[in-house]
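The values are calculated or read from the model by the stated rules, or taken from the named source; none is laboratory data. Keep in mind that what you see is a predicted model, and the values were worked out from it rather than measured. Positions of Cβ are generated from backbone atoms using ideal geometry, with glycine treated the same way; all protein chains shown enter the neighbour counts. Accessible surface areas use protein heavy atoms only, side chains included; no ligands, DNA or RNA. Shrake-Rupley method; radii C 1.70, N 1.55, O 1.52, S 1.80 Å.
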Amino acid sequence: MKITKSLFHASVLGLSLLATGVMAAVPAAEADKLGKSLTPMGAEMAGNADGSIPAWKPLPKNAGSVDSKGFLSNPYASEQPLFTITAKDVDKYKDKLAPGQYAMFKRYPDTFKMPVYPSHRGATVPDDVFAAIKKNATTTNLVSGGNGLENFDTAVPFPIPKTGVEVIWNHITRYRGGSVTRLVTQATPQPNGSYSLVYFQDQFVFRDKMKDYDPANPGNILFYFKQKVTAPARLAGGVLLVHETLDQVKEPRSAWVYNAGQRRVRRAPQVSYDGPGTAADGLRTSDNLDMFNGAPDRYDWKLEGKKEMYIASDSYKLDDPKLKYADIIKAGHINQDLARYELRRVWHVVATLKEGQRHIYAKRDFYIDEDTWQAAVIDHYDGRGQLWRVAEAHAENYYDKQVPWYALETLYDLQSGRYLALGMKNEEKQAYDFGFTATTSDFTPAALRQDGVR
């Protein structure tokens, strides 16, 4: 077959663009699968062959009751585990576990377990978010070599992903209610289980939920985040402010901290990549928050495909307001009797540190739930290639608001025997408060001083 010179150059250009990750939108015919063979979010609509993973069936907004503090009842409270994986029989299930999960059984053979329950695929979001996702499928593109987005609307730019970095962008931009205020706690237990709590008051608002948002001039901001430490007394009054950008290569994340002791606002360039996480006692990096956040530019991202895997899901039991924090935090790991695992399909993405780039994690393995685009498990490897930290998120569908998110994030250090648990709210005066409204003036460095008053 004769190939013309112009066709050859066009083909080379197309391959070059794909290789550098500057194109991502799919044809309209492919996007038309959304809501048919694929869920409106891009997961496979059907279950698996043996029925152990069911077809997608979204939870209704009235799936359970909501108490006066906003805590949800467990729509699956009557269910019992199908079986429980222990160190004695873990090899039987190894093909459906991440290496990090398997390592937890070896590190804590007497206490770590995984109660496996019937699987439910109830995650859903509002119809207008589904519409934005379908629009993104044919219009959103990668820019800056895959490190930014253009023509992006609301959430999930690539519901039909072709590359690893597209899957990661889906996690970064996934729908979390648009805006929320929350009171949450963080524990960093010693190997013997002793711990103290850090209390946070967070405000989190995506750009299109700001009162003064101009859709005609969306700018480069993805969301605004403000986090105030309210206890213990030695840390109280400190405030972190983040302006998260869509293209962090073109315009890096902006961050500031207010130091209550000095009563000063300072730039905080360390709040990115492997900078230390807030009040985390060295147990997490800045980009460990929300399992992973920030710019993807320091890694090469390889999409390994999909697999079936046991992940922590429908974690209403763990979020029960009748629980005390002491019921959850135990030596080595959280109380696994309160955990719930289900068999799900996940996307597997491997992130390898680029030549010449710096990060304490040389490799990360991501396992991302197909129904929500939330990272479920992330294995972290050090510079020697040794498995170091295992992140596991206990997902919960906030069905009354149609928001998939987490009840608890954990990050286990296999080497030190310590771990971090972030997001507990069981003993707080309210659960997540979605629908928070604000203006950009509420998220300026000048506003930090007032927020930081003890």
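Assuming charge only on the beta carbon of Lys and Arg (+1) and of Asp and Glu (-1), the dipole of the chain about its Cα centre is about 800 debye to the nearest 20.
Secondary-structure-derived ellipticity at 222 nm for the chain, considering helices only, amounts to -4000 deg cm²/dmol, per-run term -39500 (n - 2.57) for DSSP H runs with n ≥ 4. Placing MET291, MET23 in order of accessible area, with the largest value first and a 1.4 Å probe, yields MET23, MET291.
For a 19 Å ceiling on Cα separation, which of these pairs sit above it: LYS106/LYS363; LYS33/LYS134; LYS36/LYS57; LYS57/LYS162? Pairs exceeding 19 Å: LYS106/LYS363; LYS57/LYS162. A 1.4 Å probe run over segment 83-453, with the rest of the protein chains in place, finds 36 Å² accessible per residue. Note on ILE53: accessible area is roughly 0 Å² with a 1.4 Å probe, heavy atoms of protein only. Residue-wise HN-Hα couplings along segment 218-231, as the Karplus relation 6.51 cos²θ - 1.76 cosθ + 1.60 with θ = phi - 60° gives them from phi, are x, x, 9, 7, 8, 7, 10, 9, 10, 9, 10, 7, 9, 6 Hz; Gly and Pro carry x.
Heavy-atom accessible area with a 1.4 Å probe sorts ASP91, ASP50, ASP369, largest first, into ASP50, ASP91, ASP369.
Couplings for segment 210-216, taken from phi via the Karplus curve 6.51 cos²θ - 1.76 cosθ + 1.60 with θ = phi - 60°, read 6, 4, 9, 5, 10, x, 6 Hz in order; Gly and Pro are left as x. Put simply, the amide H of ILE85, placed in the peptide plane, has neighbours under 5 Å in MET114, VAL116, leaving out anything fewer than 5 places away on its chain. Surface composition of the chain: carbon and sulfur make up 52 percent of the accessible area, probe 1.4 Å. Translational diffusion of segment 252-355 was estimated from the Stokes-Einstein equation, with Rh taken as the Kirkwood radius over Cα pairs; at 10 °C and 1.306 mPa s the coefficient is 91 µm²/s.
What separates the Cα centres of segment 251-272 and segment 329-403 is a distance of 27 Å. Would you please classify the overall shape of segment 191-334 from the alpha carbon gyration tensor, given that a ≥ b ≥ c denote the square roots of the eigenvalues, rounded means a/c under 1.5, and beyond that prolate means a/b larger than b/c while oblate covers the rest? Because a/c hits 1.5 or more and a/b fails to exceed b/c, segment 191-334 counts as oblate. Accessible area of ASP128 (1.4 Å probe, protein heavy atoms only, ligands and nucleic acids ignored): about 100 Å². When nucleic acids and ligands are ignored and a 1.4 Å probe is applied, ARG284 ends up with an accessible area of around 20 Å². Shape verdict for segment 214-255, please, from the Cα gyration tensor: rounded (a/c under 1.5), prolate (a/b greater than b/c) or oblate. Since a/c reaches 1.5 and a/b is larger than b/c, the shape of segment 214-255 is classed as prolate. Once the convex hull of all Cα atoms in segment 83-453 is built, its volume per residue stands at 135 Å³. The radius of gyration of the Cα set in segment 71-187, together with its Dmax, comes out at 19.4, 51 angstrom. Since only TYR93, PHE83, PRO118 are under comparison, the one whose Cα sits farthest along the positive direction of the charge dipole of segment 66-120, derived from C-beta charges on Lys, Arg, Asp and Glu, is TYR93.
In square nanometres, what is the average projected area of the Cα convex hull of segment 324-427? Across all orientations, segment 324-427 yields a mean hull projection of 8.1 nm².
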